[in-house]
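What follows is a set of notes on a single structure, which appears directly below.
The values are calculated or read from the model by the stated rules, or taken from the named source; none is laboratory data. These figures come from a predicted structure and were not determined experimentally. A quick note on method: Cβ atoms are made from the backbone with ideal geometry, for glycine too, and the neighbour counts reach across all protein chains shown.
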Amino acid sequence: MKNPFEYSFDNKRYHTLNYYYKTRYGKKLYKAVIDCSMTCPNIDGRCGYGGCIFCDGGSGYFTQKNISVTKQLELEYKRISVKNGDVPIVAYFQANTNTYAPVENLREIYNEALHFPHTAGLSIATRADCLPDDVIDLLCDVNKKTELTVELGMQTVHENTINYINRGYTHKDFLKGYYKLKEKNIRVCLHIINGLPDETEEMMIETARHCALLHPDGVKLQMLHIINGTALAEIYEKSHFPLLSREEYIHIITQQLAVLPPETVIERITGDGDKSKLIAPLWTMNKIAVLGGIDKTLCENDLWQGKYYSRYERKHNYE
């Protein structure tokens, strides 16, 4: 069957990051992860303690800690170049909240990453409630020097779930941060988590529909991981709340893709947890099976990214 999706040069029926990089830069870029030992307002008490219930030290599973940005990038570049040769990288500030520090401190670490010889862009993971005006001004300055992406944890649009996972800010707060970035023409990637406790298939697809109305530049979709040592692991040990099967996850992903804008880059469609600490679901460790299942299901059901993204939605923003 001929692929009906326009943003593809292979069998993929969704807008992959590989397609985005190769059509924009003519080559693939590789992410080099960084941990700057930052904290989070939901950990240090500004808005809460303990972090989100699924948080495992700020999600920096693959980062090197307690060394300079330059040294981390050198180590990452060595790792990446062994397999891929001399390639450009995106310096990815991954762990914890990477705009939650005095602006001069942020300027120093961002500039250090920018001056690394192989850096072609910056990606900064943060929270929507950690974007004060002076940080926005700094991000605008960075955006003039390189391609900048700011990653925000949307997770869900459902307030009951937001409260349950102890995110520490409302969906309205999230929207304020998102629009502050978009008003400055800063590229934004949103994170959505499927399989959050008590969420139905309809709720997860509704989150994707709300995301679509924001028309983000990128989206990361992933399954909820239960990681040993987190608050979520304690909850799961006591209740064993139901988790999505691989087949259920694949079905939901294909439905979410169908309502998302075709121009939005799908920067992740499954996730990597720390395998040494992963409690469940164990099927997430077989990424090839998940990716292949998504491709197969899209084709069999004649679906593609944006199939149900209507002309009406293209003209209206979500408020």
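Are there any pairs, at least 6 apart or on different chains, whose C-beta atoms fall under 6 Å, with the first in region 168-197 and under 27 Å from Ile226 (Cβ atoms) and the second among the charged types (D, E, K, R) and not in a strand (DSSP E or B), and if so, which?
Between residues of region 168-197 that are under 27 Å from Ile226 (Cβ atoms) and residues that are among the charged types (D, E, K, R) and not in a strand (DSSP E or B), the close pairs are Tyr169/Asp129; Asp173/Asp129.
Evaluate region 132-145: report whether one residue or more is in a strand (DSSP E or B) and either crowded, with 22+ Cβ neighbours inside 10 Å or in contact (Cβ under 8 Å) with a residue 40 or more places away in the chain (or both).
Quick first cut of region 132-145, residues in a strand (DSSP E or B) only: none.
No: zero hits.
Is it the case that region 163-180 has a residue that's among the β-branched types (Val, Ile, Thr), surrounded by 16 or more Cβ atoms within 10 Å (Cβ to Cβ) and in a strand (DSSP E or B)?
Step one: filter region 163-180 for residues among the β-branched types (Val, Ile, Thr), giving 165, 170.
Keeping just the survivors that are surrounded by 16 or more Cβ atoms within 10 Å (Cβ to Cβ) gives 165.
Still in the running and in a strand (DSSP E or B): none.
No; the residues of region 163-180 include none that is among the β-branched types (Val, Ile, Thr), surrounded by 16 or more Cβ atoms within 10 Å (Cβ to Cβ) and in a strand (DSSP E or B).
Within region 86-121, how many residues turn out to be closer than 11 Å to Tyr30 by Cα and within 21 Å of the chain's Cα centre (by Cα)?
Going through region 86-121 one residue at a time, the tally reaches 8.
Could you please find all residues in region 25-44 being surrounded by fewer than 18 Cβ atoms within 10 Å (Cβ to Cβ), farther than 30 Å from Gly168 by Cβ and in contact (Cβ under 8 Å) with a residue 24 or more places away in the chain? So that I can check it myself, show each step before the final result.
Filtering region 25-44 for residues surrounded by fewer than 18 Cβ atoms within 10 Å (Cβ to Cβ) gives 25-28, 31, 37, 39, 41, 44.
The next check asks that each one be farther than 30 Å from Gly168 by Cβ; those that pass are 25-28.
Within region 25-44, Tyr25, Lys27, Lys28 qualify.
Results for (1) aliphatic (A, V, I, L, M); (2) touching a His at 6+ places or on another chain (Cβ under 9 Å); (3) in contact (Cβ under 8 Å) with a residue 12 or more places away in the chain, shown as yes or no for each residue.
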{"position": "Lys220", "(1), (2), (3)": "no, yes, yes"}
{"position": "Ile226", "(1), (2), (3)": "yes, no, yes"}
{"position": "Ser239", "(1), (2), (3)": "no, no, no"}
{"position": "Pro242", "(1), (2), (3)": "no, no, no"}
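Would it be correct to say that Thr99 is assigned to a loop (DSSP other than H, G, I, E, B), at pLDDT 95 or above, within 30 Å of Leu75 (Cα to Cα) and not hydrophobic (A, V, I, L, M, F, W, C)? Before the answer, list the steps.
On the way: assigned to a loop (DSSP other than H, G, I, E, B): yes; at pLDDT 95 or above: yes; within 30 Å of Leu75 (Cα to Cα): yes; not hydrophobic (A, V, I, L, M, F, W, C): yes.
So Thr99 passes the test.
On the basis of being in contact with a Pro (Cβ under 6 Å, 6 or more places away or on another chain) and of a type outside the set (Val, Ile, Thr), does Ala208 make the cut?
no
For region 231-271, name all the residues that are assigned to a helix (DSSP H, G or I), among the β-branched types (Val, Ile, Thr) and either surrounded by fewer than 19 Cβ atoms within 10 Å (Cβ to Cβ) or touching a Gly at 6+ places or on another chain (Cβ under 7 Å) (or both). If you could, list the steps in order and put the result at the bottom.
Here is the first cut: in region 231-271, the residues assigned to a helix (DSSP H, G or I) are 231-239, 246-259.
If we keep only those that are among the β-branched types (Val, Ile, Thr) too, we end up with 235, 250, 252-254, 259.
Ile235, Ile250, listed by residue number.
Considering Lys2, Lys83, Lys28, Lys65, which residue is modelled with pLDDT under 95 and touching a Lys or Arg at 6+ places or on another chain (Cβ under 7 Å)? Talk me through it step by step, then tell me what you get.
Values: Lys2 fails: touching a Lys or Arg at 6+ places or on another chain (Cβ under 7 Å); Lys83 fails: touching a Lys or Arg at 6+ places or on another chain (Cβ under 7 Å); Lys65 fails: touching a Lys or Arg at 6+ places or on another chain (Cβ under 7 Å).
On inspection, the qualifying residue turns out to be Lys28.
Looking for whichever is touching a strand residue (DSSP E or B) at 6+ places or on another chain (Cβ under 7 Å), part of a loop (DSSP other than H, G, I, E, B) and crowded, with 16+ Cβ neighbours inside 10 Å here; the options are Tyr14, Tyr7, Tyr20. Which one fits? Walk me through how you get there before you give the answer.
On the way: Tyr7 fails: touching a strand residue (DSSP E or B) at 6+ places or on another chain (Cβ under 7 Å); Tyr20 fails: part of a loop (DSSP other than H, G, I, E, B).
The unique qualifying residue is Tyr14.
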